[in-house]
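The values are calculated or read from the model by the stated rules, or taken from the named source; none is laboratory data. Just so you know, these numbers come straight off a predicted model, no measurement behind them. Cβ sites come from the backbone with ideal geometry, for glycine too, and all protein chains shown count toward neighbours.
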Amino acid sequence: MNVVIIGSGIAGLTTALELADKGIPVDLLTKESEPLEANSFYAQGGIVYCGPDDSPEQLISDINAANSNSGNPHAIAVVANEGPRAVKELLIDKYQVPFARTDDGSLIYTREAAHTKRRILSITDATGEGMMRTMYAAAHAHPNITMHYHTLAIDVIVKQHRVSGIYVKRGESDIMTFAAAFVVIATGGIGQIYAHTTNPRSATGDGYALAARAGCTLSHMEYTQFHPTTLCHPNAANFLLTEALRGEGAEIIAMDGTAFMKKYHPAGSLAPRDIVSRAIVQEMTERGDDHVLLDCTKIGAAEMKRHFPHIVDKTASIGIDIFTTPVPIVPAYHFSCGGVAADLHGRTNIEGLYAVGEVAYSGLHGVNRLASTSLLECVVFGRRIAEHIAASRLHTAQPALRTLRPWQEQGQESDVPPTLITQDWQTLKNIMWNYVGIVRQERHLARAMKDIAHLTETMHWFYAAKRRTRALIQLTNAITTASIVTESAYKNKISGGCHYRLN
């Protein structure tokens with residue numbers, strides 16, 4: 001019996017390593033030729049642990065405050081209570097992730113926006129990268145894990161409401177079939193459907209589209225979170241400036257130097273992401289500016305160099321002295337709080353099909369995610385999925401490859417011209433940014449649905465008439481996902497969190 005995991009970020013790696021340690025063979029798929037090209041790699045801030053004067057109850061309180069008490073209390077309790085143990089046992093002890101420490105070896109705890117305690121572990125300002133490199137090395141060396149690079153999942157095979165495998169495209173070669181008793185979707189987010197995003201190029205919404213075509217339930221897809229502080233510069237578009245900067249004293253100010261966030265929330269620059277993003281948009285609109293500023297000068301040069309070296313280097317490379325000069329910032333799309341509906345063991349409504357990480361919706365984040373909970377979610381639920389699969393495998397048969405229908409290529413030998421692919425991508429990104437962005441209106445959402453319906457019709461024709469190239473598959477997934485997000489946003493008339501409607 002084997003397990004196929006689609007996605008090689010922290011969610012996929014955690015699940016794979018935990019399964020492999022239980023003696024279960026794992027096929028770990030990444031559509032990239034570079035396995036570290038995942039959303040997780042770009043996580044700067046850190047991962048929630050448990051600070052010296054902290055408690056699960058305090059973390060639960062902070063999560064609920066950030067999401068306006070809209071989350072699933074059971075999912076929140078699982079993460080708050082099991083999270084510290086998972087971080088300690090897996091990341092600190094087993095994999096020895098190099099989190100920042102003092103000279104005497106004690107862990108350094110940082111604070112981010114909307115956290116009332118210092119409870120976040122980091123690896124300077126490249127936590128995701130440090131975790132990914134450490135865990136990928138362990139996965140690469142594990143005898144029970146087979147890595148498949150440049151392998152794009154196309155569709156999940158479902159027979160009698162149970163998963164039995166997947167179809168994949170390796171490079172631009174023919175489409176192959178994997179038989180699998182269990183499939184885990186760990187594909188990350190949807191950022192590339194927006195014109196401005198912190199997400200890497202791989203975040204094309206593949207997992208959401210895969211799940212939708214398989215018959216899974218997708219929940220609360222309208223809750224798309226925008227990160228308030230990304231670098232606004234033509235040579236560094238959408239480079240994320242971690243909330244840990246504000247946790248250490250950085251402040252958001254207008255172009256004239258006015259600190260405005262206290263007008264919008266008592267916590268000022270440490271308010272939840274949705275509030276800060278909307279406040280920035282409001283100030284830009286009222287003042288006629290195309291960006292605001294993040295003033296990091298109060299942190300001090302020594303602290304900046306020690307805790308945020310990548311940010312110091314990045315700003316210096318574009319001619320900004322971050323020690324003395326405020327940095328231009330704008331919000332950008334960051335994270336999907338909705339996703340494939342999954343229970344507390346990661347199970348979807350299709351037997352044998354699981355979802356974990358950003359692509360999954362457990363209800364943890366409600367209408368707005370608390371900073372630095374995403375990596376924790378990956379570790380906690382990745383571990384839970386592995387435990388559930390290990391317990392289920394004794395009464396689950398491995399599907400025989402010969403019983404699965406080979407992929408039937410319906411298209412012709414010719415490809416969709418690259419210019420058309422590029423044009424449709426740009427059209428989609430602009431529709432989503434302009435009409436399904438930080439602040440939404442009913443007529444804009446209706447316009448977006450109409451425009452995306454036209455793109456969908458075009459994609460259906462391409463899919464029937466042209467060869468299934470990687471570019472076509474990923475664009476189709478993005479359009480499918482964008483359609484789901486937009487329809488969800490249109491149907492939900494209640495404004496809240498990162499789904500903010502004027503009407």
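Here are a few things to note about the model shown:
- Selection status of residue 478, farther than 27 Å from residue 273 by Cβ and under 23 Å from the mean Cα position of the chain (by Cα): no
- Checked against (1) without any contact (Cβ under 8 Å) to a residue 60 or more places away in the chain; (2) within 20 Å of the chain's Cα centre (by Cα), residue 447 meets all criteria but (2).
- Against the test of being of a type outside the set (Gly, Ala, Ser) and in contact with a Ser or Thr (Cβ under 6 Å, 6 or more places away or on another chain), the options 154, 120, 145, 166 yield a single qualifying residue, 120.
- Considered as a group, the residues in the range 42-58 that are among the hydrophobic types (A, V, I, L, M, F, W, C) and surrounded by 24 or more Cβ atoms within 10 Å (Cβ to Cβ) include one that is farthest from residue 307 (Cα to Cα), and that residue is 48.
- Yes/no for residue 61 being outside any helix (DSSP H, G or I) and either assigned by TED's automatic domain parsing to the domain that holds residue 106 or surrounded by fewer than 18 Cβ atoms within 10 Å (Cβ to Cβ) (or both): no
- Selection from the range 349-358 of residues that are over 20 Å from residue 13 (Cβ atoms) and in contact with a helix residue (DSSP H, G or I) (Cβ under 9 Å, 6 or more places away or on another chain): 350, 352
- Residues of the range 269-281 classified as in contact (Cβ under 8 Å) with a residue 12 or more places away in the chain and either surrounded by fewer than 24 Cβ atoms within 10 Å (Cβ to Cβ) or of a type in the set (Ser, Thr, Tyr) (or both), total: 7
- Restricted to the range 218-268, and to residues there that are small (Gly, Ala, Ser) and outside any loop (DSSP other than H, G, I, E, B), the residue that is surrounded by the most Cβ atoms within 10 Å (Cβ to Cβ) is 244.
- Hits in the range 180-201 (condition: assigned to a loop (DSSP other than H, G, I, E, B), buried (at least 23 other Cβ atoms within 10 Å of the Cβ) and within 11 Å of the chain's Cα centre (by Cα)): 186, 187, 188, 189, 190, 198, 199
- For the range 157-209, the set of residues classified as of a type in the set (Gly, Ala, Ser) and under 22 Å from residue 471 (Cβ atoms) consists of 171, 173, 188, 189, 191, 195, 202, 203, 205, 207, 209, listed by residue number.
- Taken over the range 459-471, the criterion of being more than 16 Å from residue 193 (Cβ to Cβ) and either in the same structural domain as residue 275 (by TED's automatic domain parsing) or touching a residue at least 24 places away in the same chain (Cβ under 8 Å) (or both) is satisfied by 462, 463, 464, 465, 466, 467, 468, 469, 470.
- Filter result for residue 23 (in contact with an Asp or Glu (Cβ under 6 Å, 6 or more places away or on another chain), in contact (Cβ under 8 Å) with a residue 24 or more places away in the chain, part of a loop (DSSP other than H, G, I, E, B) and in the same structural domain as residue 112 (by TED's automatic domain parsing)): no
- Output for the range 140-171, where each listed residue is over 21 Å from the mean Cα position of the chain (by Cα) and among the small types (Gly, Ala, Ser): 141, 164, 165, 171
- The strands (runs of 3 or more DSSP E) located wholly in the range 287-341 that include 1 or more residues which are within 30 Å of residue 352 (Cβ to Cβ) occupy 327-336, 339-341.
Matching residues to (1) out of contact with any Cys (no Cβ under 7 Å at 6 or more places or on another chain); (2) in a loop (DSSP other than H, G, I, E, B); (3) among the basic types (Lys, Arg); (4) surrounded by 15 or more Cβ atoms within 10 Å (Cβ to Cβ):
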position: 378; (1), (2), (3), (4): yes, no, no, yes
position: 394; (1), (2), (3), (4): yes, no, no, no
position: 399; (1), (2), (3), (4): yes, yes, no, yes
position: 409; (1), (2), (3), (4): yes, yes, no, no
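- Looking across 385, 389, one residue alone is assigned to a helix (DSSP H, G or I), over 22 Å from the mean Cα position of the chain (by Cα), buried (at least 21 other Cβ atoms within 10 Å of the Cβ) and at pLDDT 95 or above. It is 389.
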